[in-house]
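What follows is one structure encoded as structure tokens, with my remarks underneath.
The values are calculated or read from the model by the stated rules, or taken from the named source; none is laboratory data. Because the structure is predicted, anything quoted here is derived from the model rather than measured. Here the Cβ positions follow ideal geometry from the backbone for every residue, glycine too, while neighbour counts run over all protein chains shown. Ligands, DNA and RNA are stripped out before the accessible areas are found, and what is left, the full protein with its side chains, is counted by its heavy atoms. Shrake-Rupley method; radii C 1.70, N 1.55, O 1.52, S 1.80 Å.
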Amino acid sequence: PILALLLPLIVAYELCLALVLRSGDGVVTNKAHETLLNVLVSFGISPTGGLYLGGLVIVVVLLVWHILLRAPWTVDLKLVGLMAIESALLTLPLVVVRDQIAGGFAGWASAAGGVPDVADLSTASLLAISVGAGLYEELLFRMLFIAVVHTLIVDLAKVGELAGGVIAVAISALLFTWYHPLDVDGAVSWRRATFFLVAGLYFGVVYVARGFGIVVMVHALYDIVTVLSD
């Protein structure tokens with residue numbers, strides 16, 4: 001169900017990398033995606049040659065997960081539809097929090113994480129980046145970081161399951177906050193930092209409680225709403 005929910009986003013972003021996000025200086029993407037590409041470089045795959053492997057990595061991870069769970073090879077489209085509706089509903093609280101804490105973030109481009117010169121991009125490019133952020137930032141900060149920190153704390157340090165989960169979500173949220181630009185006019189904006197910390201905690205709770213597919217959709221939908229309302 002998660003792969004069925006996210007496959008349209010994966011395909012759309014891969015197409016945008018080829019058709020929308022290219023410029024004379026190369027391809028515009030986010031740092032989370034670039035980090036994945038750098039990992040592929042360590043295996044001898046060039047950044048340009050492995051550009052489209054990011055989506056494949058997500059597909060392979062979900063398929064391996066599916067196999068390990070020994071889940072049935074059928075897709076319940078009703079379930080996928082309900083997951084999409086739930087994602088849309090879970091996006092609304094974050095929009096409200098943004099408006100209350102950060103004053104709506106006038107100028108989405110200035111708040112985009114890890115994308116250079118984003119202010120000069122078209123609306124179509126920003127929408128594409130919104131999808132990429134949902135996919136790759138959640139892959140990095142939630143699926144990977146929470147799993148690693150949880151393993152270190154619970155399995156190795158023998159901390160309780162609940163405490164380990166809380167610590168893992170908190171550390172992931174702190175890293176997520178640091179990942180985003182926090183400066184406004186040369187000084188750290190504590191409203192912006194507070195928002196990203198709250199957003200990181202929110203995404204972490206959604207991931208733990210509702211899974212990878214839902215949190216990716218919530219993240220992508222939030223960014224899309226922000227772009228369209230900017």
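Here are a few things to note about the model shown:
- Comparing mean-square fluctuations of Glu161, Glu34, Glu138 from a GNM of the chain with C-alpha springs under 10 Å, the top value falls on Glu161.
- The charge dipole of the chain, taken about the Cα centre with unit charges on the Cβ atoms of Lys, Arg (+1) and Asp, Glu (-1), comes to about 480 debye, rounded to the nearest 20.
- Anisotropy class assigned to the stretch 110-230 is prolate, per the alpha carbon gyration tensor with a/c at or over the 1.5 cut-off and a/b larger than b/c.
- Farthest toward the positive end of the dipole of the chain, out of Ala71, Tyr222, Trp190, is the Cα of Ala71, where the dipole comes from beta carbon charges about the Cα centre.
- Mean Kyte hydropathy of 0.5 or more with a Cα span along the axis of at least 18 Å, helices from DSSP in the chain: 2-19, 53-69, 77-102, 123-138, 161-179, 190-210, 212-229
- Ordering of 129-137, 74-82, 5-13 by packing [mean C-beta count within 10 Å, highest first]: 129-137, 5-13, 74-82
- With every protein chain in place, the chain: carbon and sulfur % of accessible area (1.4 Å): 71
- Tail fraction, Cα-Cα pairs, the chain, threshold 28 Å, whole percent: 30
- Remark: the Trp190-Val61 segment gains 42.8 nm on full extension, using 0.36 nm per residue and subtracting the alpha carbon distance.
- Gain in span if fully extended, Leu15 to Val205, counting 0.36 nm per residue against the direct Cα distance: 65.3 nm
- A protection proxy built from the mean count of other Cβ atoms within 10 Å ranks the segments 206-218, 187-199, most packed first, as 206-218, 187-199.
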